[in-house]
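These notes concern the structure reproduced below.
The values are calculated or read from the model by the stated rules, or taken from the named source; none is laboratory data. Note that the structure is a prediction, hence the values are computed from the model and not measured. Counting neighbours? That spans all protein chains shown, and the Cβs are built from the backbone with ideal geometry, glycine included. The accessibility values were calculated without ligands, DNA or RNA, using every heavy atom of the protein model including side chains. Shrake-Rupley method; radii C 1.70, N 1.55, O 1.52, S 1.80 Å.
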2 protein chains.
Amino acid sequence: MMDAFASNWFTETCPLFPGQRFSLQVQEVLYSGRSDHQDILVFQSKTYGRVLVLDGVIQCTERDEFAYQEMMAHLPLTSHPLPEDVLIVGGGDGGVLREVVKHPEVKRVTLCEIDKEVTRVAKLHLPWMTTAIDHDKVTVVNAEGSTFLREKQHSYDVIITDGSDPIGPAKSLFEENYYELLKQALKPGGLICQQTESPWLFPHLLRNLGTICRQIYPEVRLAVASMPTYPCGEMGYLLCSLHTKPLNEPQRVLTEVQQQEMGLRFYTPEMHKAVFTLPSFAHKIFYGSNDSEEKPN
Amino acid sequence: MMDAFASNWFTETCPLFPGQRFSLQVQEVLYSGRSDHQDILVFQSKTYGRVLVLDGVIQCTERDEFAYQEMMAHLPLTSHPLPEDVLIVGGGDGGVLREVVKHPEVKRVTLCEIDKEVTRVAKLHLPWMTTAIDHDKVTVVNAEGSTFLREKQHSYDVIITDGSDPIGPAKSLFEENYYELLKQALKPGGLICQQTESPWLFPHLLRNLGTICRQIYPEVRLAVASMPTYPCGEMGYLLCSLHTKPLNEPQRVLTEVQQQEMGLRFYTPEMHKAVFTLPSFAHKIFYGSNDSEEKPN
């Protein structure tokens, strides 16, 4: 891991996005170790606050994490008329959970994280992320997502998959069988949300996910929103539901007072609508077209 | 400049965004020199095609430049009912010009680029960028933007400022006096478009621009859209008009046939509407609010 810190710069290295690199200047390494599942690193950066890195890939920074967590939580939760039972697969850093518990409709949340070390380290070094871990509504289970889901039938209104990239421990969370398991674990009218990377970088992944999910769910949409410290500066959010109302409009519109009470800095009902509008190259990738020129490069 | 190429990686260095770095893997350096105004570099990258760099900052890559050029050209041109006379300040690489001439309404375009070396190098090494430079509609003037504008009165329907970052040669293009000059050079009902960086990185710049421009123009709006190889993966587009119709809806809606004929891969009329919707932190920065917590970090 020492190579990554040449001259006090941490440089992200991942075979998923070759030919490009993002680096953050390091002030102090706060934690570096290996769990049963992955390398875990936390450092204080010069201009992005504290940074969590898993297997060499930036998971969140103090400066921009709210954008990701708010979209991962509020896009699906406002797309359901009454989200009482929520499951988060992954998300051991607590960030998505922190946003989910803000909804008074939510009665019970289960966090299913394979690696309990992530949560332990986050509690210690990223405490603003883990504020909801000990909340009354919350149950934490340390298990592998697919294994956990196999036991579940019609249990959740919303399932959020907050895994890492489609490589290593999280690879199975992008395969067809996983979307079948999720469907079976949903209550009637339920819906799922999953991070799906940027269409700039993963056109084939997104094309496949679109095709797979449209065979399983009646309503499937892709949103894309700004996220500076992820590759290409954005993140894709896949939403699939068993209800047939359009997912690009919130079923529950948060008032300005609610947004303020929830301390939102990224999500608004207007953003909810806007982020489902894709550039034409990305629309063709995800929704398909007869045009053979579907890749931006 | 050699430091930037350690181990065949080009690393962007700019004091405007400290603590973060973006790098592209280099296959071959095609051109490296210094003009009267700046360092100019072109290289073949491993995964982003050819790359143009001015004073150490990436200006465009073959893979994603269409996103920036399409927004810089089609956002303002579709916001005007009949854009016959167009001025581009900067934009010597020809990319915005290539998009502007696609509009049959446009009768005359002037490209005012201070550095003719940029165009010469682009013609040689980035020929798909400069396809419109010798077009019948086009006049190229090598002059400084503000100086050129001082001579102009009510001459243009649309003025697009495609300058580099607010430092060095392009600094004056972000100051109050420049927006007065632009206004005076516009025909009645005219409008301007300028690149304005990301709200994540330049909150104070954007707050100032919003305040200045609202004093000069009746209609002022900020759009933000994905641009992977710019810092934070996005670019801001400032639009100000002398007409009072909302700029977040196109005055001329391009049909699907028109979009296809123009070879668009990013801009759509739906994207036009979507990109003016800002995350709440960015909305507060640009449009102001009583909330003191206006910065994301």
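Work out the mean other chain Cβ neighbour count within 10 Å for the residues of B:265-277 and drop it here as an integer. Show your work: numbers first, answer last.
Values: counts 7, 6, 2, 5, 1, 7, 7, 1, 3, 9, 3, 2, 8.
Mean shielding count: 5.
Computed with a 1.4 Å probe over protein heavy atoms only, the accessible surface of the protein assembly as shown comes to 38 Å² per residue.
If you take the accessible area of B alone plus A alone and subtract the pair, what total do you get in square angstrom, rounded to 100, with a 1.4 Å probe? Walk me through the intermediate numbers first.
Numbers: alone 12890 and 12900 Å², together 22290 Å².
The contact between A and B buries close to 3500 Å².
When all alpha-carbon pairs of the stretch A:141-254 are counted, what percent fall beyond 19 Å? Result: 45 percent of Cα pairs exceed 19 Å.
Shape summary: the stretch B:101-141 maps onto an equivalent ellipsoid whose semi-axes, from the alpha-carbon gyration tensor, are 19, 13, 6 Å in decreasing order. Ligands, DNA and RNA left out, the 1.4 Å accessible surface of chain B is 48% carbon and sulfur atoms.
When a/c reaches 1.5 or more, the comparison of a/b and b/c decides; with that in mind, is the stretch B:7-55 rounded, prolate or oblate per its Cα gyration tensor? Because a/c hits 1.5 or more and a/b fails to exceed b/c, the stretch B:7-55 counts as oblate. In the stretch A:170-218, the residues that give up 50 Å² or more of accessible area when the other protein chains are added, compared with the chain on its own (1.4 Å probe), are A:TRP200. Residues considered: B:GLU219, B:GLU151, B:GLU176. Largest GNM mean-square fluctuation over chain B, using C-alpha springs under 10 Å, is found at B:GLU151. Per residue of peptide B:278-286, the mean number of Cβ atoms on other chains within 10 Å of the residue Cβ is 5.
Which of the residues in the stretch B:40-56 show a loss of at least 30 Å² in accessible area from their chain by itself to the complete set of protein chains, at a probe of 1.4 Å? Buried-area filter returns B:THR47, B:TYR48. In nanometers and ordered shortest first, the copy-to-copy spacing of the A:THR244 label point, defined 7 Å from Cα toward Cβ, is 4.6. Normalised by 2.2 N^0.38 Å, where N is the number of residues, the alpha-carbon radius of gyration of the protein assembly as shown equals 0.96.
Calculated mean residue ellipticity at 222 nm for chain B: -7500 deg cm²/dmol, from DSSP H runs with n ≥ 4 weighted as -39500 (n - 2.57), summed, divided by the residue count and rounded to 500. With each label modelled as a point 7 angstrom along the Cα→C-beta vector, the B:THR47-B:LEU242 pair spans 4.8 nm.
For the stretch B:1-82, what Kirkwood radius comes out of the mean inverse Cα-Cα distance, in Å? Could the numbers behind the result be given before it?
Details: mean 1/r = 0.0709 Å⁻¹.
For the stretch B:1-82, the Kirkwood estimate is 14.1 Å.
The largest-to-smallest principal axis extents of the Cα set in chain A are 53, 51, 39 Å. Remark: C-alpha extents of the stretch A:70-212 on the principal axes read 39, 34, 28 Å, sorted largest to smallest. A simple spin-label model places pseudo-atoms 7 Å from Cα toward Cβ; at A:LYS137 and B:ARG34 they are separated by 6.1 nm. Springs join every pair of Cα atoms under 10 Å in this Gaussian network model of chain A, and among A:GLU261, A:GLU144, A:GLU249 the largest mean-square fluctuation is at A:GLU261. For the residue pairs A:LYS102/A:LYS187; A:LYS284/B:LYS102; A:LYS123/A:LYS187; B:LYS102/B:LYS123; A:LYS107/A:LYS187, the alpha carbons lie more than 24 Å apart in A:LYS123/A:LYS187.
The aspartates and glutamates whose alpha-carbon is closer than 19 Å to the alpha-carbon of A:LYS152, local same-chain residues fewer than 8 away aside, are A:GLU84, A:ASP85, A:GLU113, A:GLU144, A:ASP162, A:GLU175, A:GLU176, A:GLU180. Other residues whose C-beta falls under 14 angstrom from the C-beta of B:GLU180 contribute a net charge of +2, scoring Lys and Arg +1 and Asp and Glu -1. Provide the percentage of antiparallel DSSP beta bridges, counting only those with both residues in the protein assembly as shown; round to the nearest 5. Looking only at bridges with both residues in the protein assembly as shown, the antiparallel portion is about 65 percent. Of all DSSP-defined beta bridges confined to the stretch B:19-119, some 75% are antiparallel rather than parallel. In summary, the aspartates and glutamates within cross-link reach of A:LYS273, defined as a Cα separation below 14 angstrom excluding same-chain residues under 8 places away, comprise A:GLU249, B:GLU270.
Any idea what the relative contact order of chain A is, in percent, if you count C-alpha pairs under 8 Å spaced at least 6 apart?
Computed value for chain A: 15 percent relative contact order.
Using only Cα coordinates, the Kirkwood hydrodynamic radius of the stretch B:135-199 works out to 12.7 Å. Considering only B:GLY90, B:GLY263, B:GLY56, the mean-square fluctuation computed in a Gaussian network model of chain B, springs between alpha carbons under 10 angstrom, is largest for B:GLY263.
Centroid-to-centroid, using Cα positions, the stretch A:216-267 and the stretch B:55-112 are 32 Å apart. Each other copy places its own label point for A:SER32 at 3.1 nm from this one, sorted shortest first, where the point lies 7 Å along the Cα-to-beta carbon line. Cut-off 16 Å, label point 7 angstrom out along Cα-to-Cβ of B:LEU16: give me the residues of the stretch B:201-219 whose amide nitrogen falls inside. Under cut-off, by backbone N: B:201-210. Once the convex hull of all Cα atoms in the stretch A:1-157 is built, its volume per residue stands at 124 Å³.
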